[in-house]
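Each remark here refers to the structure printed beneath this line.
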Amino acid sequence: MTKQNLLRAMGSTMDFGADRFHNKLVVSAVDDDSSKMDAITAEHITKYYNSRHIINDVSLRIRSGSFTSFIGPSGCGKSTLLRMLANLETPSSGEIKWWGVDKRIIGSPGRRISMVFQEPTLMPWATVLQNIALPLQLQGVSRNETKEAVIKALELVRLQNKEALYPRQLSGGMKMRVSIARALVTDPNILVMDEPFGALDEITRNQLNDDVLRLQHELDMTVIFVTHSIQEAVFVSSELVILRENPGSIAASFTIDKPAELWNSSDEYRISDHYFTMVKEVTQAFKKAY
Ligand code: ADP
Ligand code: MG
(Lines give C-alpha, C1' and ligand atoms only; values in the text may rest on other atoms or scores of the structure.)
(Ligands and ions follow the chains in the order given, each with its own letter.)
Protein backbone atom coordinates (compact mmCIF):
# COMPACT_ATOMS: atom_id res chain seq x y z
CA MET A 1 0.00 0.00 0.00
CA THR A 2 1.35 3.45 -0.83
CA LYS A 3 1.67 6.13 1.81
CA GLN A 4 -1.20 8.06 0.24
CA ASN A 5 -3.52 5.06 0.19
CA LEU A 6 -2.65 4.28 3.78
CA LEU A 7 -3.45 7.84 4.78
CA ARG A 8 -6.74 7.66 2.94
CA ALA A 9 -7.61 4.33 4.56
CA MET A 10 -7.18 6.07 7.91
CA GLY A 11 -9.40 8.94 6.92
CA SER A 12 -6.90 11.64 6.09
CA THR A 13 -8.53 13.46 3.25
CA MET A 14 -5.98 15.91 1.98
CA ASP A 15 -5.68 16.28 -1.72
CA PHE A 16 -2.26 14.81 -2.25
CA GLY A 17 -1.96 16.21 -5.73
CA ALA A 18 -2.03 19.78 -4.47
CA ASP A 19 1.28 21.53 -4.31
CA ARG A 20 1.98 23.73 -1.35
CA PHE A 21 2.69 26.79 -3.40
CA HIS A 22 -0.74 26.70 -4.94
CA ASN A 23 -2.39 26.20 -1.57
CA LYS A 24 -0.67 29.29 -0.31
CA LEU A 25 -2.08 31.35 -3.13
CA VAL A 26 -5.56 30.02 -2.55
CA VAL A 27 -5.45 30.60 1.20
CA SER A 28 -4.35 34.19 0.90
CA ALA A 29 -7.34 34.84 -1.35
CA VAL A 30 -9.75 33.75 1.36
CA ASP A 31 -11.37 35.78 4.11
CA ASP A 32 -9.79 34.09 7.10
CA ASP A 33 -12.73 34.52 9.43
CA SER A 34 -14.00 31.04 8.67
CA SER A 35 -16.74 31.26 11.30
CA LYS A 36 -18.67 33.52 8.95
CA MET A 37 -18.64 31.27 5.94
CA ASP A 38 -19.96 27.90 4.95
CA ALA A 39 -17.49 25.09 5.52
CA ILE A 40 -18.88 23.22 2.51
CA THR A 41 -21.31 24.05 -0.24
CA ALA A 42 -22.52 21.43 -2.68
CA GLU A 43 -24.45 22.40 -5.76
CA HIS A 44 -26.44 19.93 -7.81
CA ILE A 45 -24.13 17.03 -7.17
CA THR A 46 -24.83 13.73 -8.81
CA LYS A 47 -22.99 10.43 -8.58
CA TYR A 48 -23.06 7.40 -10.84
CA TYR A 49 -21.20 4.15 -10.30
CA ASN A 50 -20.90 2.73 -13.81
CA SER A 51 -24.42 3.35 -15.04
CA ARG A 52 -26.06 3.15 -11.60
CA HIS A 53 -27.48 6.44 -10.40
CA ILE A 54 -26.53 6.66 -6.71
CA ILE A 55 -26.92 10.36 -5.81
CA ASN A 56 -29.24 12.74 -7.59
CA ASP A 57 -29.05 16.53 -7.59
CA VAL A 58 -28.03 17.18 -3.99
CA SER A 59 -27.46 20.80 -3.04
CA LEU A 60 -26.59 21.71 0.53
CA ARG A 61 -24.65 24.06 2.76
CA ILE A 62 -22.68 22.92 5.77
CA ARG A 63 -22.32 25.93 8.06
CA SER A 64 -19.00 26.39 9.83
CA GLY A 65 -19.40 25.15 13.39
CA SER A 66 -22.55 23.18 12.66
CA PHE A 67 -23.20 19.53 13.45
CA THR A 68 -24.95 18.12 10.41
CA SER A 69 -26.34 14.59 10.41
CA PHE A 70 -27.59 12.53 7.49
CA ILE A 71 -30.07 9.76 8.08
CA GLY A 72 -31.50 7.23 5.66
CA PRO A 73 -31.71 3.45 5.22
CA SER A 74 -28.81 1.22 4.22
CA GLY A 75 -27.80 1.65 0.60
CA CYS A 76 -29.40 5.07 0.06
CA GLY A 77 -26.03 6.66 -0.62
CA LYS A 78 -25.02 8.18 2.73
CA SER A 79 -21.43 6.97 2.59
CA THR A 80 -21.09 7.97 -1.05
CA LEU A 81 -22.31 11.48 -0.25
CA LEU A 82 -20.01 11.71 2.78
CA ARG A 83 -16.98 10.59 0.81
CA MET A 84 -17.66 13.31 -1.75
CA LEU A 85 -17.99 15.93 1.02
CA ALA A 86 -14.67 14.69 2.43
CA ASN A 87 -13.02 14.82 -1.00
CA LEU A 88 -12.40 11.07 -1.01
CA GLU A 89 -14.60 10.73 -4.08
CA THR A 90 -15.44 13.05 -6.99
CA PRO A 91 -19.03 13.80 -8.04
CA SER A 92 -20.07 12.76 -11.55
CA SER A 93 -21.51 16.24 -11.99
CA GLY A 94 -22.16 19.31 -9.89
CA GLU A 95 -19.75 21.30 -7.76
CA ILE A 96 -18.46 21.13 -4.20
CA LYS A 97 -16.60 23.99 -2.57
CA TRP A 98 -14.74 23.96 0.71
CA TRP A 99 -14.61 27.30 2.51
CA GLY A 100 -15.72 28.90 -0.71
CA VAL A 101 -12.79 27.49 -2.68
CA ASP A 102 -12.17 24.31 -4.67
CA LYS A 103 -10.52 21.15 -3.31
CA ARG A 104 -7.01 22.55 -3.56
CA ILE A 105 -7.58 24.42 -0.32
CA ILE A 106 -8.04 21.20 1.66
CA GLY A 107 -5.09 20.35 3.88
CA SER A 108 -3.78 23.86 4.28
CA PRO A 109 -3.72 25.34 7.81
CA GLY A 110 -7.22 25.89 9.15
CA ARG A 111 -8.64 23.89 6.24
CA ARG A 112 -8.20 20.27 7.24
CA ILE A 113 -10.66 17.40 7.03
CA SER A 114 -10.53 14.03 8.81
CA MET A 115 -12.84 11.07 8.53
CA VAL A 116 -13.89 8.41 11.03
CA PHE A 117 -15.39 5.18 9.69
CA GLN A 118 -17.82 2.72 11.27
CA GLU A 119 -15.03 0.17 11.62
CA PRO A 120 -12.22 1.62 13.72
CA THR A 121 -9.67 0.35 11.09
CA LEU A 122 -6.80 0.24 13.59
CA MET A 123 -3.51 -1.44 12.75
CA PRO A 124 -3.51 -4.60 14.91
CA TRP A 125 0.29 -4.79 15.20
CA ALA A 126 0.58 -1.24 16.51
CA THR A 127 -0.10 0.15 20.00
CA VAL A 128 -2.69 2.82 20.70
CA LEU A 129 0.07 5.42 20.64
CA GLN A 130 1.52 4.18 17.35
CA ASN A 131 -1.91 4.00 15.73
CA ILE A 132 -2.68 7.59 16.63
CA ALA A 133 0.79 8.77 15.54
CA LEU A 134 0.62 7.09 12.14
CA PRO A 135 -1.02 9.87 10.09
CA LEU A 136 1.59 12.36 11.30
CA GLN A 137 4.47 9.96 10.72
CA LEU A 138 3.30 9.32 7.17
CA GLN A 139 3.19 13.06 6.62
CA GLY A 140 6.77 13.39 7.83
CA VAL A 141 6.00 15.42 10.96
CA SER A 142 8.92 15.53 13.42
CA ARG A 143 9.07 13.10 16.36
CA ASN A 144 8.67 15.78 19.01
CA GLU A 145 5.75 17.41 17.31
CA THR A 146 4.12 14.02 16.78
CA LYS A 147 4.55 13.05 20.42
CA GLU A 148 3.01 16.29 21.61
CA ALA A 149 0.04 15.93 19.26
CA VAL A 150 -0.56 12.30 20.24
CA ILE A 151 -0.54 13.11 23.96
CA LYS A 152 -3.06 15.87 23.35
CA ALA A 153 -5.27 13.57 21.23
CA LEU A 154 -5.19 10.87 23.92
CA GLU A 155 -6.32 13.40 26.52
CA LEU A 156 -9.09 14.67 24.27
CA VAL A 157 -10.65 11.21 23.97
CA ARG A 158 -9.91 10.40 27.62
CA LEU A 159 -7.54 7.52 26.90
CA GLN A 160 -4.56 8.62 29.00
CA ASN A 161 -2.68 5.57 30.33
CA LYS A 162 -3.90 3.37 27.49
CA GLU A 163 -1.20 4.31 25.00
CA ALA A 164 0.78 1.06 25.35
CA LEU A 165 -2.19 -1.26 24.74
CA TYR A 166 -2.87 -3.05 21.46
CA PRO A 167 -6.25 -2.90 19.66
CA ARG A 168 -7.14 -6.48 20.68
CA GLN A 169 -6.95 -5.39 24.33
CA LEU A 170 -9.57 -2.66 23.87
CA SER A 171 -13.37 -2.65 24.10
CA GLY A 172 -15.42 -1.53 21.09
CA GLY A 173 -15.95 1.91 22.60
CA MET A 174 -12.24 2.32 23.34
CA LYS A 175 -11.30 1.28 19.81
CA MET A 176 -13.63 3.94 18.49
CA ARG A 177 -12.01 6.52 20.80
CA VAL A 178 -8.60 5.59 19.36
CA SER A 179 -10.02 5.97 15.88
CA ILE A 180 -11.37 9.41 16.81
CA ALA A 181 -8.01 10.38 18.37
CA ARG A 182 -6.26 9.35 15.14
CA ALA A 183 -8.64 11.62 13.22
CA LEU A 184 -8.05 14.50 15.66
CA VAL A 185 -4.27 14.25 15.65
CA THR A 186 -4.05 16.12 12.35
CA ASP A 187 -6.05 18.98 13.90
CA PRO A 188 -9.07 18.87 11.56
CA ASN A 189 -11.49 21.73 11.03
CA ILE A 190 -14.09 19.39 9.61
CA LEU A 191 -14.63 15.97 11.18
CA VAL A 192 -16.61 13.58 8.98
CA MET A 193 -18.03 10.55 10.80
CA ASP A 194 -19.68 7.69 8.90
CA GLU A 195 -21.93 5.71 11.26
CA PRO A 196 -19.21 5.75 13.88
CA PHE A 197 -21.26 4.35 16.75
CA GLY A 198 -23.62 1.97 14.92
CA ALA A 199 -21.96 -1.14 16.34
CA LEU A 200 -21.85 0.02 19.97
CA ASP A 201 -24.27 -0.62 22.82
CA GLU A 202 -26.57 2.21 23.82
CA ILE A 203 -24.75 3.28 26.98
CA THR A 204 -21.39 3.46 25.20
CA ARG A 205 -22.98 5.24 22.26
CA ASN A 206 -24.56 7.85 24.54
CA GLN A 207 -21.18 8.49 26.19
CA LEU A 208 -19.51 8.89 22.82
CA ASN A 209 -22.28 11.23 21.66
CA ASP A 210 -21.53 13.42 24.68
CA ASP A 211 -17.81 13.21 23.94
CA VAL A 212 -18.17 14.19 20.32
CA LEU A 213 -20.27 17.21 21.26
CA ARG A 214 -17.67 18.23 23.84
CA LEU A 215 -14.85 17.78 21.31
CA GLN A 216 -16.69 19.76 18.68
CA HIS A 217 -17.05 22.62 21.14
CA GLU A 218 -13.51 22.45 22.55
CA LEU A 219 -11.84 22.17 19.15
CA ASP A 220 -14.25 24.46 17.30
CA MET A 221 -14.94 21.89 14.58
CA THR A 222 -17.62 21.44 11.97
CA VAL A 223 -18.96 17.90 12.24
CA ILE A 224 -20.69 15.84 9.55
CA PHE A 225 -22.26 12.65 10.84
CA VAL A 226 -24.17 9.66 9.53
CA THR A 227 -26.42 7.47 11.62
CA HIS A 228 -29.34 5.07 11.27
CA SER A 229 -30.81 6.33 14.49
CA ILE A 230 -33.27 9.24 14.52
CA GLN A 231 -32.78 9.58 18.29
CA GLU A 232 -29.03 9.83 17.95
CA ALA A 233 -29.30 12.28 15.06
CA VAL A 234 -31.67 14.56 16.98
CA PHE A 235 -29.48 14.42 20.06
CA VAL A 236 -26.21 15.45 18.42
CA SER A 237 -27.28 17.62 15.50
CA SER A 238 -27.78 21.26 14.85
CA GLU A 239 -28.88 20.37 11.30
CA LEU A 240 -30.43 17.10 10.24
CA VAL A 241 -30.96 15.87 6.69
CA ILE A 242 -33.21 12.95 5.71
CA LEU A 243 -32.10 11.22 2.54
CA ARG A 244 -34.42 9.40 0.22
CA GLU A 245 -33.25 6.39 -1.82
CA ASN A 246 -32.96 5.27 -5.46
CA PRO A 247 -31.30 7.56 -6.19
CA GLY A 248 -30.18 9.30 -3.00
CA SER A 249 -31.51 12.83 -2.66
CA ILE A 250 -32.64 15.18 0.08
CA ALA A 251 -36.16 14.43 1.35
CA ALA A 252 -36.26 16.92 4.23
CA SER A 253 -33.97 18.97 6.41
CA PHE A 254 -34.32 20.39 9.90
CA THR A 255 -32.55 22.88 12.10
CA ILE A 256 -32.48 21.80 15.71
CA ASP A 257 -32.07 24.54 18.28
CA LYS A 258 -31.22 23.13 21.64
CA PRO A 259 -32.67 25.37 24.37
CA ALA A 260 -29.89 27.27 26.16
CA GLU A 261 -30.87 25.94 29.58
CA LEU A 262 -30.20 22.38 28.34
CA TRP A 263 -26.79 23.03 26.77
CA ASN A 264 -24.86 21.78 29.75
CA SER A 265 -26.92 18.77 30.67
CA SER A 266 -27.17 15.99 28.15
CA ASP A 267 -29.09 13.83 30.64
CA GLU A 268 -31.81 16.43 30.93
CA TYR A 269 -31.83 17.08 27.21
CA ARG A 270 -32.37 13.38 26.52
CA ILE A 271 -35.61 13.42 28.52
CA SER A 272 -36.80 16.92 27.62
CA ASP A 273 -40.04 17.72 25.80
CA HIS A 274 -38.01 19.64 23.27
CA TYR A 275 -36.01 16.54 22.36
CA PHE A 276 -39.06 14.26 22.14
CA THR A 277 -40.96 16.76 20.03
CA MET A 278 -38.06 16.87 17.55
CA VAL A 279 -37.77 13.07 17.48
CA LYS A 280 -41.48 12.88 16.68
CA GLU A 281 -41.26 15.51 13.95
CA VAL A 282 -38.28 13.83 12.29
CA THR A 283 -39.89 10.38 12.60
CA GLN A 284 -42.99 11.67 10.80
CA ALA A 285 -40.89 13.19 8.02
CA PHE A 286 -38.94 9.95 7.75
CA LYS A 287 -42.15 7.94 7.36
CA LYS A 288 -43.24 10.27 4.60
CA ALA A 289 -39.99 9.67 2.73
CA TYR A 290 -40.25 5.87 2.97
P1 ADP B 1 -25.18 3.81 2.52
O2 ADP B 1 -23.94 4.38 3.13
O3 ADP B 1 -26.37 4.70 2.64
O4 ADP B 1 -25.49 2.44 3.03
P5 ADP B 1 -23.57 3.70 0.10
O6 ADP B 1 -23.23 5.09 -0.23
O7 ADP B 1 -22.52 2.88 0.76
O8 ADP B 1 -24.94 3.67 0.96
O9 ADP B 1 -24.01 2.94 -1.22
C10 ADP B 1 -25.05 3.41 -2.06
C11 ADP B 1 -25.12 2.48 -3.25
O12 ADP B 1 -23.94 2.64 -4.04
C13 ADP B 1 -25.17 1.00 -2.88
O14 ADP B 1 -26.08 0.36 -3.73
C15 ADP B 1 -23.77 0.52 -3.13
O16 ADP B 1 -23.78 -0.82 -3.52
C17 ADP B 1 -23.29 1.42 -4.25
N18 ADP B 1 -21.84 1.66 -4.17
C19 ADP B 1 -21.20 2.25 -3.13
N20 ADP B 1 -19.89 2.37 -3.38
C21 ADP B 1 -19.68 1.85 -4.63
C22 ADP B 1 -18.53 1.68 -5.46
N23 ADP B 1 -17.33 2.10 -5.08
N24 ADP B 1 -18.72 1.09 -6.67
C25 ADP B 1 -19.95 0.69 -7.08
N26 ADP B 1 -21.06 0.83 -6.33
C27 ADP B 1 -20.95 1.39 -5.13
MG1 MG C 1 -22.69 3.63 4.61
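The values are calculated or read from the model by the stated rules, or taken from the named source; none is laboratory data. The structure displayed is predicted, hence computed values, not measured ones. Don't worry about glycine lacking a Cβ; one is built from the backbone with ideal geometry, like all the others, and counts go over all protein chains shown.
Structural remarks
- Test: residue in region 180-201 that is away from ligand 2 (no atom under 16 Å from the Cβ), surrounded by 14 or more Cβ atoms within 10 Å (Cβ to Cβ), closer than 30 Å to MET37 by Cβ and basic (Lys, Arg): yes
- Residue that is assigned to a helix (DSSP H, G or I) and not polar (S, T, N, Q), where the choices are LEU208, LEU200: LEU208
- Failed item, numbered, when THR68 is tested on (1) at pLDDT below 95; (2) buried (at least 21 other Cβ atoms within 10 Å of the Cβ); (3) of a type in the set (S, T, N, Q): (1)
- Annotation note: Cβ proximity below 7 Å between a residue of region 118-130 that is more than 21 Å from ARG83 (Cβ to Cβ) and a residue that is surrounded by 14 or more Cβ atoms within 10 Å (Cβ to Cβ) and among the basic types (Lys, Arg) (sequence gap 6+ or interchain) occurs for VAL128/LYS162.
- Selection within region 233-265: residues that are in a helix (DSSP H, G or I) and touching a residue at least 60 places away in the same chain (Cβ under 8 Å). The member of this set that is surrounded by the most Cβ atoms within 10 Å (Cβ to Cβ) is ALA233.
- Unmet criterion (only one of (1) of a type outside the set (D, E, K, R); (2) surrounded by fewer than 19 Cβ atoms within 10 Å (Cβ to Cβ); (3) away from ligand 2 (no atom under 16 Å from the Cβ); (4) closer than 19 Å to VAL282 by Cβ) for PRO73: (3)
- Condition check for ASP211: more than 16 Å from ligand 1 (Cβ to nearest atom) and either touching an Asp or Glu at 6+ places or on another chain (Cβ under 6 Å) or over 22 Å from ASN264 (Cβ atoms) (or both): no
- In region 37-81, residue nearest to MET221 (Cα to Cα) [restricted to those that are in a loop (DSSP other than H, G, I, E, B), in contact with a strand residue (DSSP E or B) (Cβ under 7 Å, 6 or more places away or on another chain) and more than 13 Å from ligand 1 (Cβ to nearest atom)]: GLY65
- Members of region 82-98 that are part of a strand (DSSP E or B) and either within 16 Å of ligand 2 (Cβ to nearest atom) or at positive phi (or both): GLY94
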